[in-house]
1. Segment 318-393 to segment 407-471: how many Å between their Cα centroids?
2. Which ³J(HN,Hα) values in Hz, rounded to whole numbers, follow from the phi angles of segment 321-328 under the Karplus curve 6.51 cos²θ - 1.76 cosθ + 1.60, where θ = phi - 60° and Gly and Pro get x?
3. So who's got an amide H within less than 5 Å of the one on G412, skipping anything under 5 residues away but keeping other chains? H placed 1.01 Å off N, in plane.
4. Convex hull volume of the Cα atoms in segment 368-415, per residue, in Å³?
5. How are the Cα pair distances of segment 335-428 distributed, in percent, across 5 Å bins from 0?
6. Please report the carbon-and-sulfur percent of the accessible area for segment 438-510; probe 1.4 Å, protein heavy atoms only, DNA, RNA and ligands left out.
7. Hey, got the Cα dimensions of segment 235-303 along the principal axes, in Å, largest first?
8. Viscosity 1.567 mPa s, temperature 4 °C: what is the translational diffusion coefficient of segment 519-622 from Stokes-Einstein with a Kirkwood Rh over Cα pairs, rounded to a whole number of µm²/s?
Amino acid sequence: MKREYQDAGGSSGGGDMGSSKDKMMAAAAGQQDEDVDELLAALGYKVRSSDMEDVAQKLEQLEMAMGMGSVGGGAADDGFVSHLATDTVHYNPSDLSSWVESMLSELNAPPPPLPPAPPAPRLPSTSSTVTGGGATAGAGYFDLPPAVDSSSSTYTLKPIPSPVAAPADPSTDSAREPKRMRTGGGSTSSSSSSSSSLDGGRTRSSVVEAAPPATQASAAAGAPAVPVVVVDTQEAGIRLVHALLACAEAVQQDNFSAAEALVKQIPMLASSQGGAMRKVAAYFGEALTRRVYRFRPTPDSSLLDAAFADLLHAHFYESCPYLKFAHFTANQAILEAFAGCRRVHVVDFGIKQGMQWPALLQALALRPGGPPSFRLTGVGPPQPDETDALQQVGWKLAQFAHTIRVDFQYRGLVAATLADLEPFMLQPDGEDTDEEPEVIAVNSVFELHRLLAQPGALEKVLGTVRAVRPRIVTVVEQEANHNAGTFLDRFTESLHYYSTMFDSLEGAGSGQSADASPAAAGGTDQVMSEVYLGRQICNVVACEGAERTERHETLGQWRTRLGRAGFEPVHLGSNAYKQASTLLALFAGGDGYKVEEKDGCLTLGWRTRPLIATSAWRVAAP
């Protein structure tokens, strides 16, 4: 009975309690509905707003924990993303809190944060400016960077330390950055931060050599910072020019300790460049090295050296139009001077392989009224093996003249220098007074500037030429000033000149003539031409005194010298200008070459810079 009473009583009382419990649950449900996030509720999820902050913090911790497992490895990130793409499970946001908490418990706790790395040092800068003109001696034209100790020969460029990318304290990051997004691997972030700190916030193209993931992992474990070399091509090019000119200035001031320190940096700076800049800097660096260590190049005294010099000259002739232009314009002036003459005589001060004269012989053979009697005197240096190379050249030219039916005579003159020539050597052995006298033309292509190394030699040669009374004298020389001023002035001028020359070789790399040989098309001629010019650079920079024979002067300087020697200029006609322009059209890179007429002379240059000049002269009236 008691149980029944209790059951009965409990049943009646339970009805009252049940109703009150329902009311309490309804009130709690109403309150819960008020705390539900409205945006998620609209999507069908019931998540309290108070839980969202906790979920966000746990997601932040989960993101960092998962990020620690893939520091420095893009491959780990790729695997993690692919895993999400294939095995993604969508959870109810209301369960995110417990799910994130379980994930955190499964992952290892992240390592303690590393101490902050020192800020990356900025690159030293200099206020030096490169200009087209030379600098005066001792004027401080190019100052060394403040960080360079010019008195130390052990100065070297140091690698730039990069701060190690390490995760900061999560709590600090949460307070400072409520939400972060992962956009790439740890190595990319490290590289970007290094480049930004070195550049002061500016954007520039740079190449960063980052350490492999294993190295970064060891760095994160407490190893020292991994050095990162930042290479900016444009900035390295400017520093390369500064180093070259600063080294030349140190050589001029006999400060060989500073020059030695600077010359060691040139190869590394040159290796960061490409194309013509790298090549010309390498040749100037080699020349400066020879100058600093007093290791002068030896003259071509052996048979192999002489043969190699002839080979380089032949390749230079094939690779670019400079020698062709010189031969063509000189031949045109000689052909016009020989108009109507029946006996002509050409004296070539540097016959070499005789490549200039077949074209003139052919032009004379086609002349109305028949070709004249043609005599050629070729001057050349003695051969190391004492062979008569000049006679071999004359024999080949005689064969060619025979095929085109031109009366041809040849004589070779061996002379160590043009100053050894005498007037009687250039005149005929026995001239018949009943015949028409010979009309003489003297031709010099890149030969007269060598005489400036010997005091009085040029004046003697010009006096010999004047004594034979030629109708015309053709002179072709480099349009540059490598024989005046201080060493720094000469170095600066030659750096600009040969940089333009190398640019023309690069620009006309495929600019061979239409009938060029396969070897020329393959680049052999260009490489050998660069060696040909490199030997000139070495002579200009590394040699002094009588050994420095590449003493180029400008057209204005030659005009003064020849005028003092009793010569007056002969105007090169417009026909030569037009035909020279037509010659350049045969080259694929001819659009970069420019022919200009200057005071009756013709110049050939690359873009806006004249490089060689052809002029014609005759003996002035008394």
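The values are calculated or read from the model by the stated rules, or taken from the named source; none is laboratory data. Just so it is clear, the model here is predicted, and its values are computed rather than measured. These area figures cover heavy atoms from the full protein model, side chains too; ligands, DNA and RNA do not enter into them. Shrake-Rupley method; radii C 1.70, N 1.55, O 1.52, S 1.80 Å.
1. Between the Cα centre of segment 318-393 and that of segment 407-471, the gap is 14 Å.
2. x, 5, 5, 4, 4, 4, 5, 5
3. For G412, whose amide H was placed from the backbone, the distant partners under 5 Å are G378.
4. On the way: hull volume 2.9 nm³, N = 48.
For segment 368-415, the hull spanned by Cα atoms encloses 60 Å³ per residue.
5. 3, 13, 26, 22, 18, 11, 5, 2, 0
6. On the way: 1010 of 2120 Å².
Answer for segment 438-510: carbon and sulfur cover 48 percent of the accessible area.
7. Principal-axis extents of segment 235-303 (Cα, largest first): 43, 30, 14 Å.
8. Details: Rh = 16.4 Å.
Translational D for this selection: 79 µm²/s.
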